[in-house]
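Chemist: Structure incoming, see below.
Derivation of every value follows stated rules applied to the coordinates shown; laboratory data play no part. Since the structure is predicted, the reported quantities are computational estimates derived from the model, not experimental observations. A quick note on method: Cβ atoms are made from the backbone with ideal geometry, for glycine too, and the neighbour counts reach across all protein chains shown.
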Amino acid sequence: MDIQFKDVGYKYKGIKVNYDALDKVNLSIDEKDEFIAIIGHTGSGKSTLVQHMNALLLPTSGTVNVLGQTLPPQKNQKINHLRQKVGLVFQFPEYQLFEETILKDIMFGPKNFKSTEEEALIKAKKAATIVGIDPDLYEQSPFRISGGQMRRVAVAGILAMEPKILVLDEPTRGLDPKGRKDLMKIFKDLHEIDHKSIVLISHDMDIVSEYAKRVIVLEQGEIIFDGKKEDLFEHPDFDSFHLDLPTPLRILKHLEKEINLPYQPKYDFESLLRYLKEAAHE
Ligand SMILES: Nc1ncnc2c1ncn2[C@@H]1O[C@H](COP(=O)(O)OP(=O)(O)OP(=O)(O)O)[C@@H](O)[C@H]1O
Ligand SMILES: [Mg+2]
């Protein structure tokens, strides 16, 4: 069971013309153990693409199969349950908080998907613990906490539905470096400990390089690369993708040029520092 796109196209209906936001997209995502970054310039179709993964948008051509259900659905087929199975965290999800208390907000999702009050409470508390929301905050208003905490509450609201696959649309946007790192640690643990598949849209190449295993690059609604991150960043035609290199790789390329330090790709700052320390001792 997984997610499969077959020749998927999506047109937004415009006033005068229909706009092709996706064109002949083919891809397949396993239900477990994937950590995929979706990257590409603004307007390239990233958000449109991921909204097909939980049937928020239905393809205007081609088909998407989500965990065994084909979309667009046959008449009378229900698709709402897919929103629970594939948890989608929108850009700036904190704008969608609305309940009186933090705990009620996190309980909203499971209650909506037929959990009883008691079940929803258990799931909400578990999700709050995962994202590091202290029990002291449960009865507080979600509008009286910091932006970073609001983001965590919003993520907990999705986790409380116990989705099989987690899809995140720029989850770290607008957070400070610590907030970014803390949030990414939550997703990394869900991936490494629970083997959850994570699909993450990001403009931040340092995050993509540190956390993702596979990268999909979109350009004007088409996939122009889908493969291992190592193969993307070491691609002989990398320049043709019009992407920035992650900082550790930029530093290493610079040092190779300036002081002949042998280039060995490192995808996060810790590995970079370890390599530089070793090189300094040689
Ligand atoms: N509701 C809409 N109606 C019409 N056109 C839309 C709508 N939403 C998006 N589009 C258009 O579809 C294209 C793809 O948009 P999408 O939001 O998927 O891009 P994106 O890659 O997520 O961009 P960003 O990085 O800015 O979030 C864009 O050209 C956008 O203008
Ligand atoms: Mg977007």
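Chemist: Projected onto the charge dipole of the chain (+1 at Lys/Arg Cβ, -1 at Asp/Glu Cβ, origin at the Cα centre), which of ASN26, PHE225, ASN54 gives the Cα projection farthest towards the positive end?
Modeler: The Cα lying farthest towards the positive end belongs to ASN54.
Chemist: Shifting gears a bit: What distance in nm lies between label points placed 7 Å from Cα along the C-beta direction at ASP134 and TYR95?
Modeler: For ASP134 paired with TYR95, the spin-label model returns 3.0 nm.
Chemist: I've got another one for you. For the chain, modelled as a Gaussian network with Cα springs under 10 Å, which listed residue fluctuates most, LYS164, LYS75, LYS178?
Modeler: Of LYS164, LYS75, LYS178, the most mobile in the Gaussian network model is LYS75.
Chemist: Tell me, what is the FRET efficiency for THR116 and GLU282 to the nearest 0.05, using R0 = 45 angstrom and their Cβ-Cβ distance as r?
Modeler: About 0.10, to the nearest 0.05.
Chemist: Given Cβ point charges of +1 (Lys, Arg) and -1 (Asp, Glu) and nothing else, what value in debye, to the nearest 20, does the dipole of the chain about its Cα centre take?
Modeler: Dipole about the Cα centre, nearest 20: 860 debye.
Chemist: Under 15 Å from a label point 7 Å along Cα→Cβ of LEU56: give me every residue in segment 78-107 with its amide N that close.
Modeler: Once the point is set 7 Å along Cα→Cβ of LEU56, 80-97 turn out to lie under 15 Å by backbone N, inside segment 78-107.
Chemist: Next up: On average over all directions, what projected area in square nanometres does the chain have, based on the convex hull of its Cα atoms?
Modeler: Result: a mean projected hull area of 17.8 nm².
Chemist: Quick check on my link table: of LYS126/LYS188; LYS24/LYS114; LYS46/LYS229, which ones sit more than 28 Å apart, alpha carbon to alpha carbon?
Modeler: LYS24/LYS114
Chemist: Ranked by Cβ crowding within 10 angstrom, fewest neighbours first, how are GLU258, GLU270, GLU170 ordered?
Modeler: Ranking GLU258, GLU270, GLU170 by Cβ neighbours within 10 Å, fewest first, gives GLU258, GLU270, GLU170.
Chemist: A further question on this structure: Taking a ≥ b ≥ c as the square roots of the Cα gyration tensor eigenvalues, with a/c under 1.5 meaning rounded and otherwise prolate when a/b beats b/c, else oblate, which class fits segment 28-117?
Modeler: oblate
Chemist: Report, in debye and to the nearest 20, how large the dipole of segment 99-164 comes out about its Cα centre when Lys and Arg carry +1 and Asp and Glu carry -1 on their Cβ.
Modeler: 300 debye
Chemist: In whole Hz, with x marking every Gly and Pro, tabulate ³J(HN,Hα) for segment 179-186 from phi via Karplus 6.51 cos²θ - 1.76 cosθ + 1.60, θ = phi - 60°.
Modeler: Here the 3J(HN,Hα) series is x, 4, 5, 4, 5, 5, 4, 4 Hz.
Chemist: Considering only DSSP beta bridges where both residues belong to the chain, give the percentage that are antiparallel (nearest 5).
Modeler: Of those bridges, close to 60 percent are antiparallel.
Chemist: I've got another one for you. Based on DSSP H runs of at least 4 residues, each adding -39500 (n - 2.57), what is the mean residue ellipticity at 222 nm of the chain after dividing by all its residues, to the nearest 500 deg cm²/dmol?
Modeler: So the helix-based figure for the chain works out to -11000 deg cm²/dmol.
Chemist: What number, in percent, do you get for the relative contact order of the chain if the mean sequence gap of Cα pairs under 8 Å and at least 6 apart is divided by its residue count?
Modeler: Here the relative contact order equals 23 percent.
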